[in-house]
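Chemist: My structure is below; once you've seen it, I'll send some questions.
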Amino acid sequence: MAGIPSIVYGFFALVVIVPIIRNIFGGTGMNIITASILLGIMILPTIINISEASIRAVPRNYYEGSIALGASHEKSIMSIVLPAAKSGILSSIILGIGRAIGETMAVILVAGNQARMPAGLVKGIRTLTTNIVIEMAYAADEHRQALIATATILFAFILIINGVFLTVKRRTNNG
């Protein structure tokens with residue numbers, strides 16, 4: 001599922017998730033909740049695949065040694081295998097969040113595409129990436145500079161997220 005194009009995810013959400021949200025909350029169904037559910041569905045395969053690969057990369061003798069010393073299966077997994085795979089699991093989360101932040105095409109379909117401050121979770125929005133994609137073709141002068149500033153903010157946001165994860169990773173490795 002990680003290789004499915006984002007526009008296919010967007011169409012799926014438009015056909016399946018939007019009507020469900022419309023029936024539950026009213027309105028058009030194209031809102032922050034729908035976009036959040038869609039992004040959650042989109043990033044899970046990436047996180048799961050990379051986390052699974054990280055867990056499988058932990059040497060089997062770590063688990064077997066823990067079992068041989070009398071630990072239960074659950075205790076061996078939670079205390080030995082997962083901490084050994086922690087770096088890869090954190091990396092998968094970073095990649096998933098990066099995909100969610102940079103996602104444009106699927107979110108255009110389900111978020112309502114309304115350039116305004118959100119008035120609630122069931123109101124339409126336009127994300128920063130969507131704004132750049134839609135308006136860059138005809139932007140000039142200050143408008144283009146504002147879009148470039150938006151891209152810079154997105155870049156800074158990704159750097160901050162990576163910095164936070166790097167700090168967390170260092171603290172957990174040292175402590």
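Chemist: Could you check segment 55-70 and list, in sequence order, the residues that are farther than 21 Å from THR172 by Cβ and not in a helix (DSSP H, G or I)?
Modeler: Within segment 55-70, LEU69, GLY70 meet the criteria.
Chemist: Mind telling me which of the residues PRO45, PRO5, PRO83 ends up being loosely packed, with under 13 Cβ neighbours inside 10 Å and not polar (S, T, N, Q)? Reasoning before the result, please.
Modeler: Values: PRO45 fails: loosely packed, with under 13 Cβ neighbours inside 10 Å; PRO83 fails: loosely packed, with under 13 Cβ neighbours inside 10 Å.
From the options PRO45, PRO5, PRO83, the qualifying one is PRO5.
Chemist: Scan segment 48-102 for residues that are within 25 Å of the chain's Cα centre (by Cα), modelled with pLDDT of 90 or more and among the hydroxyl-bearing types (Ser, Thr, Tyr) and report the count.
Modeler: 3
Chemist: Is it true that some residue in segment 113-126 is within 25 Å of ILE4 (Cα to Cα), out of contact with any Ser or Thr (no Cβ under 9 Å at 6 or more places or on another chain), surrounded by 15 or more Cβ atoms within 10 Å (Cβ to Cβ) and in contact (Cβ under 8 Å) with a residue 40 or more places away in the chain?
Modeler: yes
Chemist: Do we have any residue at all in segment 18-30 that's more than 24 Å from GLY88 (Cα to Cα), surrounded by 13 or more Cβ atoms within 10 Å (Cβ to Cβ) and touching a strand residue (DSSP E or B) at 6+ places or on another chain (Cβ under 7 Å)?
Modeler: yes
Chemist: Still on this structure, please answer the following. Return only the number of the condition from (1) free of Cβ contacts under 8 Å to residues at least 60 places away in the same chain; (2) small (Gly, Ala, Ser); (3) at positive phi that ALA71 does not satisfy.
Modeler: Here ALA71 clears every test but (3).
The values are calculated or read from the model by the stated rules, or taken from the named source; none is laboratory data. Owing to the predicted nature of the structure, the values given are computational and were not obtained by experimental measurement. With ideal geometry, Cβ positions are generated from the backbone for all residues, glycine too; neighbour counts draw on all protein chains shown.
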